[in-house]
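The values are calculated or read from the model by the stated rules, or taken from the named source; none is laboratory data. In this text the structure is predicted, and so the values were computed from the model without any measurement. Because the Cβ atoms are built from the backbone with ideal geometry, glycine has one as well, and the counts that use them run over all protein chains shown. The protein model used for the area step is the full one, side chains on, heavy atoms only, and it has no ligands, DNA or RNA in it. Shrake-Rupley method; radii C 1.70, N 1.55, O 1.52, S 1.80 Å.
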Amino acid sequence: MGGTPRTVSLVTLGCARNEVDSEELAARLAADGWELRGEGEQASVVMVNTCGFIQAAKQESIDELLAAGDSGAKVVAVGCLAERYGADLASELPEAQVLSFDDYTEIGARLDDVLAGQRKPAHTARDRRKLLPISPVDRSAARDDRSAVRAPWIPGFGARQRLGSGPTAPLKIASGCDRRCSFCAIPSFRGAFVSRPPADVLAEARWLAGQGVRELFLVSENSTSYGKDLGNLRLLEELLPELGAIADRVRVSYLQPAEVRPGLIDVMTSAHGVAPYFDLSFQHASGPVLRAMRRFGDRARFLALLDQVRQAAPLAGARSNFIVGFPGETADDLRELELFLSSARLDAIGIFGYSDEDGTEAQGLPGKLDQDEIARRVEDFAALADELMDQRAAERIGETVDVLIENAAEEEDAYEGRAAHQAPEVDGITTVLSAVPLTIGQFVRATVTGSDGVDLVAEAQRE
């Protein structure tokens, strides 16, 4: 290697699940003697943990890889885009070494090869769902037997090194997905659903708490499936109170509406330390569109689910994302979605335009809409979403909220944080006004006095 320093800069794109994977990669690299450099610092290798979710995310990943190459460093692509396209991506980006999830266990050695100028042939993309048994309950043995050909590496299930220092951290409870949504390619490159054993989740939660983390953000491709491959569909309900005894606040992400059971609602609205926060993957509200998406539900069922949640916890937070412009979507379908959004009182709403994803069923569906029409629908529903989120935030004026302080605001005696209904990065913030100095990582009880879009303003209550 000619004395070239073994230094690496790790760039993470995409979701919180990728953030966990990056911290696992960082731990492995540090154990192998690689020196981690911060963002913007010169390094001999830049490793980009890519996102392959939608076209905009894929383009951002490619742009980041090209920018890394311009820095003069050796470039390595890992993560979802790299896994999904493998050799095809390598041929398009010859300046980058493209690695698979299955390279993660030997990531230090892979980077040594890169530093030495030894290019490893990129993997051929494959459907990772086929690497584990079809039956979920048969996966535990295959997952644990790393010598078995069919036992793939499952990212997010190893030791971590924190790359940030904030009071919130994601904690991966599962990887992969067994659902077959017609628009989604994620299961094909993330693989079949595999739960992490509860003992491992609890051990990592204790480690994170020891690192100063006060809020755990549970992440996976489908949190409501947790435990099904371990023979216990109620395992999440059992795990949450145990996590609530470790961290000050526990938040669950990505709940499938069709899998949300009454017992889970009970735990999420009553267990100590568990935030009454419902990140529900609705995607649409029209029954016919949802059937075409290979999903379940409709406007009436979804509103009934939200009513169940609010009967248990009237102030519970709720958010969701929606796709407009799906093939065959009609004016009646859009009206159903509009009626649902107008009644749902969601705290956060994401609107996305449909786009074809390679290898998905929806790619071949009839009734495709042109891009201008999809863009118009996105614009219309994004404007409606903004209006409805503003209204929902204003409804919270007068409420008492517990805010986790994360930053000092620009104005004097003001601090930024998040209430229980606000997840990291996606759901807005609460600015707390306090005559008494506050510290990062502190929970403060406050009264909401105003709103600005999805963001709230609150005054700290006196002890």
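Overall, the accessible surface of region 312-381 at a probe of 1.4 angstrom is composed of carbon and sulfur to the extent of 49 percent.
How large is the dipole of region 194-330 about the Cα centre if only Lys and Arg carry +1 and Asp and Glu carry -1, each at its Cβ, rounded to the nearest 20 debye?
Values: 15 positive and 15 negative charges, 64 e Å.
Roughly 300 debye, rounded to the nearest 20.
Compactness check for the chain: Cα Rg over 2.2 N^0.38 Å is 0.99. For the chain, adding -39500 (n - 2.57) for each run of n ≥ 4 DSSP H residues and dividing by the number of residues yields -10000 deg cm²/dmol at 222 nm. Computed over protein heavy atoms with a 1.4 Å probe, the accessible surface of region 42-111 works out to 35 Å² per residue. In a simple Cβ point-charge model (Lys, Arg +1; Asp, Glu -1; nothing else charged), the chain has a dipole of about 1800 debye relative to its Cα centre. For region 14-151, how big is the tail of P(r) above 26 Å, as a whole percent of Cα pairs? Cα-Cα pairs of region 14-151 separated by over 26 Å account for 24 percent.
Once you have the alpha carbon radius of gyration of region 378-463, what is it after dividing by 2.2 N^0.38 Å, with N set to its residue count?
Compactness ratio reported: 1.11.
In the assembled protein chains, residue 290 presents an accessible area of approximately 0 Å² (probe radius 1.4 Å).
Pairs of Cα atoms under 8 Å, at least six residues apart: use those to get the relative contact order of the chain, whole percent. The partial results should precede the final answer.
On the way: 941 pairs, mean separation 44.2, N = 463.
Computed value for the chain: 10 percent relative contact order.
Toward the positive end of the charge dipole of region 334-463, with +1 on the Cβ of Lys and Arg and -1 on the Cβ of Asp and Glu, the farthest Cα among 337, 440, 401 is that of 401. Since only 123, 133, 80 are under comparison, the one whose Cα sits farthest along the positive direction of the charge dipole of region 32-161, derived from C-beta charges on Lys, Arg, Asp and Glu, is 133.
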